[in-house]
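Asker: Let me give you the structure first, and then I'll get to my questions.
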Amino acid sequence: MQNMNLPPLRLPRAILFDMDGTLTEPLLDFPRIKAEMGIGNRPILESLAMMTPADRQAAEAILHRHEDQAAQSCRLNEGCESLLRWLDEHHIPQAIITRNSRSCARIILDRHRLAIEILITREDGPFKPDPHPLLLACKQLNVNPAEAWMVGDGVYDVQAAHHAEIPSIWLSHGKPRPFADEPAHTIAQLPNLLLLLQALRDKGDNCA
Ligand SMILES: [Mg+2]
């Protein structure tokens, strides 16, 4: 579903993907992790940043345990492999931008043999919704932010894309949008992204 308030999308020169809930099925049980960490309903990484070193160490151990356990068993979302194959065939490079740890992301990439070369994790500096990791990925991919897409299922994905002036594609999983930030385009499921790309390709609307 195209956001009619924004210019029409063009075939991107690169795609930046969120990982958890976007390429993979939802990985982490956030309410359970937050309860164990004792942070109420506040965001995890922002809460960690405000803790004393001792509290932070204990809370990070909880987070890492959940992340690494989830990474060992998580499955890819339906349509992920055919989507990435199509992008490779059409020379549209990809990056992963995640608030997860590098260790967790590496386990998932290796288990599913995903050959996405650019992996930006929370260890790489300010994380989503900050635009930093998206702009870093664009730089590494040598593309203009305006010519890339950010694809994700969360509010931070859409907000980070806005801050970086990158068109955002929000994956809704068929649910109403629970935040105000407007994505450039909404898709219900990952296979819809492939259909959208193929339609733009067929239109010859190619800025690549
Ligand atoms: Mg996500």
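The values are calculated or read from the model by the stated rules, or taken from the named source; none is laboratory data. In this text, all values refer to a predicted model and were calculated from it rather than measured experimentally. Cβ coordinates were reconstructed from backbone atoms using ideal geometry, including for glycine residues, and neighbour counts include every protein chain displayed. Each accessible area value is taken on the protein alone, full model and side chains, heavy atoms only, with ligands, DNA and RNA left out. Shrake-Rupley method; radii C 1.70, N 1.55, O 1.52, S 1.80 Å.
Asker: Compute, for Thr98, the solvent-accessible surface of its heavy atoms (probe 1.4 Å) with the complete set of protein chains present, and express it in square angstrom to the nearest 10.
Answerer: Thr98 exposes around 10 Å² with every protein chain in place.
Asker: I've got another one for you. With charges only on Cβ, +1 for K and R and -1 for D and E, what is the dipole size of region 90-150 about its Cα centre, in debye, rounded to 20?
Answerer: 220 debye
Asker: Stick to the Cα atoms of region 30-73, pair each with every other, and give me the Kirkwood hydrodynamic radius in Å at one decimal.
Answerer: 10.6 Å is the Kirkwood radius here.
Asker: Can you give me the solvent accessible area of Phe30 with a 1.4 Å probe, rounded to the nearest 10 Å²?
Answerer: Estimated to the nearest 10 Å², Phe30 gives 90 Å².
Asker: If you count only protein heavy atoms with a 1.4 Å probe, what accessible area per residue comes out for region 30-73, rounded to a whole Å²?
Answerer: It amounts to 61 Å² per residue over region 30-73.
Asker: Same structure, new question: If amide H atoms are built 1.01 Å from N in the plane of the peptide, which residues on other chains or at least 5 residues away come under 5 Å of the amide H of Thr24?
Answerer: For Thr24, whose amide H was placed from the backbone, the distant partners under 5 Å are Asn77.
Asker: Just to verify a number: what accessible area does Leu76 come out at with the full protein assembly present, 1.4 Å probe, Å² rounded to tens?
Answerer: Its heavy atoms expose roughly 30 Å² to the probe.
Asker: Which of the trypsin sites (Lys or Arg not before Pro) found in region 95-125 are in a DSSP loop and have at most 11 neighbouring Cβ atoms, other than their own, within 10 Å?
Answerer: Arg113
Asker: Taking loop as defined by DSSP and a crowding limit of 14 other beta carbons within 10 Å, which trypsin sites (Lys or Arg not before Pro) in region 139-208 fit?
Answerer: Lys203
Asker: Then there's this: For the Cα atoms of the chain, what angle does the longest principal axis make with the long axis of helix 155-164, in degrees from 0 to 90, nearest 10?
Answerer: Long axis of 155-164 versus the principal axis of the chain: about 60 degrees.
Asker: Angle between the Cα long axis of helix 190-202 and the longest principal axis of the chain, 0 to 90 degrees, nearest 10?
Answerer: 30 degrees
Asker: Once the Cα atoms of helix 102-111 and of the chain are each reduced to a long axis, what angle between those two axes, in degrees from 0 to 90 to the nearest 10, is obtained?
Answerer: That works out to roughly 60 degrees.
Asker: Just the number, please: carbon plus sulfur as a percent of the accessible area of region 27-171, 1.4 Å probe, no ligands or DNA/RNA counted.
Answerer: Ligands and nucleic acids excluded, carbon and sulfur give 50 percent.
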